1. Filter region 18-56 down to residues that are more than 22 Å from the chain's Cα centre (by Cα) and either in the same structural domain as Thr85 (by TED's automatic domain parsing) or of a type outside the set (Lys, Arg) (or both) and give me whichever is modelled with the highest pLDDT.
2. If I filter region 160-190 down to residues being closer than 16 Å to Ile140 by Cβ and touching a strand residue (DSSP E or B) at 6+ places or on another chain (Cβ under 6 Å), which single residue comes out as surrounded by the most Cβ atoms within 10 Å (Cβ to Cβ)?
3. Tell me which residues, restricted to region 148-164, are closer than 16 Å to Gln188 by Cβ and either of a type in the set (A, V, I, L, M) or free of Cβ contacts under 8 Å to residues at least 24 places away in the same chain (or both).
4. List the pairs whose first member sits in region 169-193 and is under 30 Å from Leu59 (Cα atoms), whose second member is outside any strand (DSSP E or B) and at pLDDT 95 or above, and whose Cβ atoms are under 7 Å apart, counting only residues at least 6 apart or on separate chains?
5. Ser142 passes all but one of (1) closer than 30 Å to Lys178 by Cβ; (2) at pLDDT 90 or above; (3) surrounded by 14 or more Cβ atoms within 10 Å (Cβ to Cβ); (4) not β-branched (Val, Ile, Thr); which number fails?
6. Out of the residues in region 72-91 that are in a loop (DSSP other than H, G, I, E, B) and touching a helix residue (DSSP H, G or I) at 6+ places or on another chain (Cβ under 9 Å), which is surrounded by the most Cβ atoms within 10 Å (Cβ to Cβ)?
7. Give me the pairs: first residue in region 59-70 and surrounded by 16 or more Cβ atoms within 10 Å (Cβ to Cβ), second residue at pLDDT below 90 and among the hydroxyl-bearing types (Ser, Thr, Tyr), beta-carbon distance under 6 Å, and six or more apart or on different chains, which are they?
Amino acid sequence: MKRTHFDQRPSFSSGSNRRFFFWPFKKKEKFIIRSGAMQPDEVKKKINQIGIGKQIEILRIGYDGAIDDMPVMVEIIDISSYAFTGRIVNLERQMIESATRNLIYAKKGGGVQEFYFNDGDIKEITVSQDQELLQKEKNIGSLKEILAALDPGDQVIVAYYDEKQKGTVNTEGLLTEKDENNEGFSLQIEKINRINLEKKINKKFDLNQDLVIDIEMV
């Protein structure tokens with residue numbers, strides 16, 4: 001006896017018999033949040049609170065779970081419902097790359113970059129202190145006292161604001177000289193943000209002209 005098998009699948013052989021099935025629910029987008037990273041809603045809320053035009057520092061977590069050696073400094077230039085756009089400020093990285101062969105292009109980024117709220121790799125977002133605020137908080141008398149207690153040859157940490165690049169720089173190195181009034185000094189920079197430089201940088205500071213934020217003995 002001949003058996004007939006009925007195919008229950010919809011036929012698409014002819015245009016008139018085509019059947020289209022619509023799923024009424026949207027498929028939920030999946031994204032991975034790295035351990036220790038901020039949730040997308042937290043990132044979005046923080047960025048919207050800070051607003052366009054502000055400079056921020058972003059600390060990110062790599063694929064291997066390691067936290068970046070140094071934060072990315074970004075000026076927020078646009079905010080959307082799913083991301084924010086920032087102009088990368090590369091001051092410290094430029095200094096590091098000019099003084100070492102261990103280039104950090106992979107972490108550097110550059111130009112204008114879009115950061116998605118659901119990237120899942122942002123550990124921390126902090127607002128960079130602007131020049132006016134730092135200038136108000138600057139205490140030359142306190143800095144002179146610290147400098148008076150130091151001697152050439154001492155290992156020190158110096159944080160200062162670079163007016164040309166509009167950003168703060170954290171350095172560590174050898175105090176090579178200072179003047180009699182404890183208002184000027186020279187530093188042989190060996191590290192920037194704890195990264196060792198192969199080529200040391202010599203820099204002079206004037207407490208009355210340069211925006212030195214802090215001096216500390218190692």
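1. Glu29
2. Phe185
3. Scanning region 148-164 gives Leu150, Gly153, Val156, Ile157, Val158.
4. Leu174/Gly153; Leu175/Leu150; Leu175/Pro152; Leu175/Gly153; Leu175/Asp154
5. Every condition holds for Ser142 apart from (3).
6. Among those residues, the one meeting the criterion is Asn90.
7. Within 6 Å, no pair qualifies.
The rows are residues; the columns are (1) over 20 Å from the mean Cα position of the chain (by Cα); (2) closer than 29 Å to Val127 by Cβ; (3) assigned by TED's automatic domain parsing to the domain that holds Glu57.
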{"site": "Ser142", "(1), (2), (3)": "yes, yes, no"}
{"site": "Ile146", "(1), (2), (3)": "yes, yes, no"}
{"site": "Ala149", "(1), (2), (3)": "yes, no, no"}
{"site": "Pro152", "(1), (2), (3)": "yes, no, no"}
{"site": "Ala159", "(1), (2), (3)": "no, yes, no"}
{"site": "Thr171", "(1), (2), (3)": "no, yes, no"}
{"site": "Thr176", "(1), (2), (3)": "yes, no, no"}
{"site": "Glu180", "(1), (2), (3)": "yes, no, no"}
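The values are calculated or read from the model by the stated rules, or taken from the named source; none is laboratory data. Everything numeric in this text was worked out from a predicted model, so none of it was measured. No Cβ is skipped: glycine too gets one built from the backbone with ideal geometry, and neighbour counts run over all protein chains shown.
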